[in-house]
1. Output the number of residues of the stretch 12-51 satisfying the condition of being of a type in the set (Phe, Trp, Tyr) and not in a helix (DSSP H, G or I).
2. For the stretch 52-68, name all the residues that are in a helix (DSSP H, G or I) and among the charged types (D, E, K, R).
3. Quick check on this structure: which one of Ala51, Ala3 is touching a residue at least 24 places away in the same chain (Cβ under 8 Å) and either out of contact with any Phe, Trp or Tyr (no Cβ under 8 Å at 6 or more places or on another chain) or surrounded by 12 or more Cβ atoms within 10 Å (Cβ to Cβ) (or both)?
4. Quick test for you: out of Leu28, Leu37, Leu14, pick the one residue that is touching a helix residue (DSSP H, G or I) at 6+ places or on another chain (Cβ under 8 Å), farther than 20 Å from Lys2 by Cβ, modelled with pLDDT of 95 or more and not basic (Lys, Arg).
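The values are calculated or read from the model by the stated rules, or taken from the named source; none is laboratory data. From a predicted model like this one, the values you see are computed outputs, not experimental measurements. For neighbour counting, all protein chains shown are included, and Cβ atoms are generated from backbone atoms with ideal geometry for every residue, glycine included.
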Amino acid sequence: MKASELRKLTDEELKDKLKDLKKKLMNLRFQNAVGGLEKPSEIKETKRDIARILTILRERELSKAGGE
């Protein structure tokens with residue numbers, strides 16, 4: 001998912017998406033440990049999506065603090 005797509009979402013939507021991605025990452029890691037993971041690169045992509053969301057949330061938090 002691209003950062004530009006994520007920036008269009010509200011904070012609540014981002015937090016929900018973050019929660020879903022963390023669950024997905026846990027499941028991917030479990031599948032990888034068991035040996036049934038088809039695309040190991042999906043773990044890396046999911047981690048990057050999580051990092052993007054956290055970055056956007058932090059930017060918004062800092063802009064609110066800086067504006068006050």
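1. First, pick out the residues of the stretch 12-51 that are of a type in the set (Phe, Trp, Tyr): 30.
Keeping just the survivors that are not in a helix (DSSP H, G or I) gives none.
Within the stretch 12-51, residues that are of a type in the set (Phe, Trp, Tyr) and not in a helix (DSSP H, G or I) number 0.
2. Taking the stretch 52-68 as the starting set, the residues that turn out to be in a helix (DSSP H, G or I) are 52-67.
Of everything in the stretch 52-68, those that are in a helix (DSSP H, G or I) and among the charged types (D, E, K, R) turn out to be Arg52, Arg58, Glu59, Arg60, Glu61, Lys64.
3. On the way: Ala51 fails: touching a residue at least 24 places away in the same chain (Cβ under 8 Å).
Among Ala51, Ala3, only Ala3 is touching a residue at least 24 places away in the same chain (Cβ under 8 Å) and either out of contact with any Phe, Trp or Tyr (no Cβ under 8 Å at 6 or more places or on another chain) or surrounded by 12 or more Cβ atoms within 10 Å (Cβ to Cβ) (or both).
4. Working: Leu37 fails: modelled with pLDDT of 95 or more; Leu14 fails: farther than 20 Å from Lys2 by Cβ.
Result: Leu28 is the single residue among Leu28, Leu37, Leu14 that is touching a helix residue (DSSP H, G or I) at 6+ places or on another chain (Cβ under 8 Å), farther than 20 Å from Lys2 by Cβ, modelled with pLDDT of 95 or more and not basic (Lys, Arg).
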